[in-house]
Amino acid sequence: MNESRRRLSIVLFEGFELLDVFGPLGLFGVVPEAISVELVGPAAGPVRSSQGTKVIATVGYEDAQLPDIVLVPGGQGTRRAVVDRAFLDWLNAWATDAQLVTSVCTGSAVLAAAGLLDGYRATTNKRAYEWATSHGSSVTWVARARWVEDQNRWTSSGVAAGIDMAAALLARLCGSEIADAITKAAELEVHTDPNWDPFAAVHSRE
């Protein structure tokens with residue numbers, strides 16, 4: 001990857017998980033000189049989260065510029081998103097050529113349903129593992145992983161794991177010193193081992 005400023009496009013849909021978005025955004029948003037962040041929704045305007053809080057999308061799907069980095073969150077709304085053919089077709093066409101395609105929690109089910117994880121290793125929320133892994137035609141699902149990096153696909157386990165993945169990705173993009181400074185300022189104790197996953201055992205996924 002070159003060192004130019006990158007656009008991080010976070011995909012919102014009705015019923016997305018707030019922490020899946022704002023955990024990573026809290027880290028990436030500290031370096032606007034390196035990463036610009038936009039929230040992409042069905043249309044520009046408010047999008048309701050799983051928690052009921054509405055978040056303002058800055059641009060609608062059809063008007064969104066091609067992204068450098070894509071992040072798809074999880075949330076209860078993923079259950080509808082994985083069967084929304086128009087949305088999945090848009091996501092596939094829009095995200096295919098991105099430099100990085102990432103997800104938090106059950107956002108990987110959405111990527112898989114859109115065909116964006118075929119041929120890749122990936123992980124997802126362990127509590128929703130059976131449901132999430134039923135999507136995609138040729139995904140190699142990893143049952144025990146905090147997050148999985150496979151070429152330009154990064155997928156994480158449930159909710160808080162997305163923050164650890166974001167910290168690792170931030171270190172990759174901006175350097176470990178910057179990532180360390182940002183996580184220390186947030187008083188965030190980051191798990192740096194992508195294979196650390198006690199929740200796989202909790203939910204009998206190993």
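Cβ neighbours within 10 Å, averaged per peptide: list 153-162, 46-55 in order, most packed at the top.
Going from most to least packed, we get 153-162, 46-55.
Taking the Cα atoms of segment 1-50, report the difference between the largest and smallest coordinate on each principal axis, in whole Å and largest first.
Each principal axis gives a Cα extent; for segment 1-50 these are 34, 21, 17 Å.
Choose one answer from Thr123, Thr78, Thr183: the residue with the largest mean-square fluctuation in a GNM of the chain with alpha-carbon springs under 10 Å.
Comparing Thr123, Thr78, Thr183 in a Gaussian network model of the chain, the most mobile one is Thr183.
For Gln99, what charge total do you get from the other residues with a beta carbon under 9 Å from its beta carbon, if Lys and Arg give +1 and Asp and Glu give -1?
My count for the surroundings of Gln99 gives -1.
Taking the highest mean first, how do the peptides 102-115, 31-44 order by number of other beta carbon atoms within 10 angstrom per residue?
Those peptides, ordered most packed to least, come out 102-115, 31-44.
Return one whole number: the accessible area per residue of the chain in Å², for a 1.4 Å probe.
44 Å²
The values are calculated or read from the model by the stated rules, or taken from the named source; none is laboratory data. It should be emphasised that the depicted structure is a prediction, and the values quoted were computed from it without experimental measurement. A quick note on method: Cβ atoms are made from the backbone with ideal geometry, for glycine too, and the neighbour counts reach across all protein chains shown. These accessible areas exclude ligands, DNA and RNA; they are computed on the full protein's heavy atoms, side chains included. Shrake-Rupley method; radii C 1.70, N 1.55, O 1.52, S 1.80 Å.
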